[in-house]
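The values are calculated or read from the model by the stated rules, or taken from the named source; none is laboratory data. Since this is a predicted model, take the numbers as computed values, not measurements. In this analysis, Cβ positions are derived from the backbone assuming ideal geometry, glycine residues included, and neighbour counts consider all displayed protein chains. Surface accessibility is based on the protein's heavy atoms, side chains included, excluding ligands, DNA and RNA. Shrake-Rupley method; radii C 1.70, N 1.55, O 1.52, S 1.80 Å.
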Protein chains: 2
Amino acid sequence: MIFPTVDYHRGRIKIIDQTILPMEERILELRTVDELAEAIRTLKVRGAPAIGIAAAYGMLLSLENLLRREVAEAPEYFFDREEGTSHFRGNGIKTGDIRERLNGTKKILAQTRPTAANLFWALDRIYSVASIGEPEPNSLCKRIAEEAFRIHTEELEVEYAIGENGSRYIRSGMSILTYCNAGGLATAGYGTALGVVYCACEEGKELRIYACETRPLLQGARLTAWELRKRGLDVTVLCDNAAASLFVGGLVDAVIVGADRIAGNGDTANKIGTLILAILCEKYGKPFYVAAPWSTFDVGLESGKDIPIEERSAGEVTSFAGRATTPSGATVYNPAFDVTPARLITAIFTERGTIERPDRVKIQELADKLSR
Amino acid sequence: MIFPTVDYHRGRIKIIDQTILPMEERILELRTVDELAEAIRTLKVRGAPAIGIAAAYGMLLSLENLLRREVAEAPEYFFDREEGTSHFRGNGIKTGDIRERLNGTKKILAQTRPTAANLFWALDRIYSVASIGEPEPNSLCKRIAEEAFRIHTEELEVEYAIGENGSRYIRSGMSILTYCNAGGLATAGYGTALGVVYCACEEGKELRIYACETRPLLQGARLTAWELRKRGLDVTVLCDNAAASLFVGGLVDAVIVGADRIAGNGDTANKIGTLILAILCEKYGKPFYVAAPWSTFDVGLESGKDIPIEERSAGEVTSFAGRATTPSGATVYNPAFDVTPARLITAIFTERGTIERPDRVKIQELADKLSR
């Protein structure tokens, strides 16, 4: 791993603080669910898949802290990714207490970011392990830990698969425009949109990469550019409003973005500004690709209209690095996401295959295949 | 005047430093052409019409400094707007010296910003006063001063006329989206795009105003919001990439922008990102208006392809308020303008009337009418 986007190590969730990149590479160790919730809310850890993994670890951390409080002679930590769950030897804890604890934690974490589907998917996945049947408490704890670690491990495999599927659409010599950060920092460590780029490069294809800076928090300029450089790849950063000029100049062959939630009809919520790129692709006849794990799909949602869009604080727009950027008295409109309608999407790359010209029927087919 | 965008007062060009608004309202007094050229280059004074006025005053300042050096017992200043040219009593200066001086000044100022048509228009207008016939030096100086002050005075009248022409297209209750700053700060003091807004408001129409922040230098967030608040008007600021969401939400009834240069076929260069708004207007069926004085037209240009587009420094994108926003090693794409094709423009408001669905024929007709 080039950097720990999110990891669980000896009773701590470790993240790289994404709010201060690229100025500083600082690793934070989170000891409580409240610390994690705050880190998610303030985007110290961000990106739908990474938030999902962080939430799964948040459930584990919560259980860890419960056990350490309840169990006599508790060790420094119970669960560890590298050591499996070998330190687990809890006793005297009740299955009901575990469920109650996890239910409370799930509620706290579910309130951090409303749009990312993976957050709810991961919380549900952990909670469902805890909620079925009447398991013996010790083995239940072990199963919960295994599930959290499994989510992380699987997610990384998923990203490699997305990268391979997406790379089939990428030819050497292409210029790729990406948006926000859908790379290793947003995921288990490889990336979705950037996973496609990395895979294509690993296959020897030569690409030119453009990254929109992505206001207001500049995840494209700060994070995407940082991790591309970290991998030794060249990148050109542009202000979001310069994207049209790239198209006019014939400098973009394809756009690849990640996703925060995909509705049952293929409508895709992603970072605010994504829709403009999809409209530019339509106007200038270029493919618009979405790269996302199946955990980003919310098949139960009829369309993008049903995706809740997080409105973030005015402060993200009214100042930067402590310097006012608007006069006092100005109102701010600051939605964090927009929804790209399915008809503007050329293809969605998932770990289970590529959905070209996504629609309800094709997505339902994939869902049915998975549930079989 | 609410604030001095650009003015000439007792041998000094006075400007409000637009790089530090809205944090601070600082008036600068420029004493030399080099100081003015630097102020234009660094956007302390900006906006195509304001640059035109500043350039005219730059020619006058240059003449002033020549006279003070050459004339025995020179007063503190020769030319003053409020006092007309009453202090002028130069003698011993030759017409050839004046022409040479103005020619040199014209060359210096013409190199500051390549895109704004008004810059070249104003320089040519002053220079043509100096270059015709064999005038007596003293009366020539007087005529040059009068021409510079006339450019400023006329420009303000022009803006009122643009406002009135544009306001006919604005109904009470409309939501207007504007971009960058095409207000008093960009002009003689009233505005082009914002002049339309101000005029509509003065006529009692109630408008909702949205301002895109306009990266990288945030002229929308900093300047447009500042002068709207200064006039007691409400404004909502958004990141440029959030514009599509406004359209999707039905929150925009019209877009009004200024212009830096308009080609003979109506193609319009304006701040980078303008084109995206025009494309959104086309897609969502909303009118896209340009408000500009006739001095912004460059009728000799075949199309927008012939408009030189200024590429500005990477530093505008790679840091903000001293804080790095990109990692080292990232390249930057930072054009200052883009070109909106005429077919995306619903109408251009000028002081001579409104050109609906602009094309070469309609623009040539207006040009012919003016030259008659």
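Just a few scattered comments:
- Taking the inverse of the mean 1/r over every pair of distinct Cα atoms in the protein assembly as shown gives a Kirkwood hydrodynamic radius of 28.0 Å.
- Accessible-area rank, largest first, for A:V237, A:V248: A:V248, A:V237, with all protein chains present and a 1.4 angstrom probe.
- Calculated label separations, A:Q364, copies of the chain, 7 Å along the beta-carbon direction, nm: 5.8
- Given charges at beta-carbon only (K, R positive; D, E negative), |dipole| of segment B:1-82 in Debye: 200 debye
- Cβ-based net charge around A:I162, under 11 Å, with every Lys or Arg adding one and every Asp or Glu removing one: -4
- Size descriptor, Kirkwood hydrodynamic radius, that averages inverse alpha-carbon separations across chain A, Å: 21.1 Å
- Cross-link pairs beyond the 26 Å C-alpha cut-off, checked among A:K14/A:K205; A:K14/A:K142; A:K286/A:K362; A:K230/A:K362: A:K14/A:K205; A:K230/A:K362
- Note on chain B: GNM, Cα springs under 10 Å; of B:D80, B:D17, B:D306, the largest mean-square fluctuation is that of B:D306.
- Rh (Kirkwood; distinct C-alpha pairs) - segment A:284-341, Å: 14.9 Å
- Label-to-label distances for B:G104 across copies, nearest first, come out at 8.1 nm, using points 7 Å from Cα in the beta-carbon direction.
- Where A:S175, A:S371 fall by accessible area, highest first, once all protein chains stay in place (1.4 Å): A:S371, A:S175
- This model, with +1 at the C-beta of Lys and Arg and -1 at the C-beta of Asp and Glu, gives chain A a dipole about its Cα centre of some 440 debye.
- Here the Karplus relation 6.51 cos²θ - 1.76 cosθ + 1.60, evaluated at θ = phi - 60°, turns the backbone of segment A:346-353 into coupling constants of 5, 6, 10, 8, 10, 6, 9, x Hz, with x for every Gly and Pro.
- Projecting the Cα positions of A:C281, B:A55, B:L223 onto the charge dipole of the protein assembly as shown (unit charges on Cβ atoms of Lys, Arg, Asp and Glu, taken about the Cα centre) puts A:C281 furthest along the positive direction.
- For chain A, averaging the sequence separation of C-alpha pairs within contact (under 8 Å, six or more residues apart) and dividing by the residue count gives a relative contact order of 15 percent.
- Selection from B:L140, B:I345, B:A193, by position along the positive dipole direction of chain B (Cβ): B:I345
- Heavy-atom accessible surface of B:Y160, to the nearest 10 Å², is about 90 Å², with a 1.4 Å probe and all protein chains retained.
- Between segment B:143-193 and segment A:74-145, the Cα center-to-center distance that results, in Å: 64 Å
- Using only side-chain charges placed at the Cβ, +1 for Lys and Arg and -1 for Asp and Glu, the dipole size of the protein assembly as shown relative to its Cα centre rounds to 220 debye.
- Sorting A:W226, A:W294, B:W121 on solvent-accessible area from highest to lowest, probe radius 1.4 Å, gives B:W121, A:W294, A:W226.
- Annotation for A:L251, label-to-label distances across the other copies: 2.9 nm (shortest first, one decimal, point 7 Å from Cα along Cα→Cβ).
- A straight line joining the Cα centroids of segment B:327-372 and segment B:279-308 runs 2 Å.
- Segment A:185-284, relative contact order in percent, only Cα pairs under 8 angstrom and at least six apart counted: 21 percent
- Working from the Cα coordinates of segment A:97-150, the gyration tensor eigenvalues give, after taking √(5λ), semi-axes of 21, 12, 8 Å in decreasing order.
- Taking the axis that rotates chain A onto chain B, the chain A residue nearest to it by Cβ, with the distance rounded to whole Å, is A:A321, 2.
- Among the listed pairs B:K44/B:K271; A:K44/A:K271; A:K271/B:K283, those whose Cα-Cα separation exceeds 18 Å are A:K271/B:K283.
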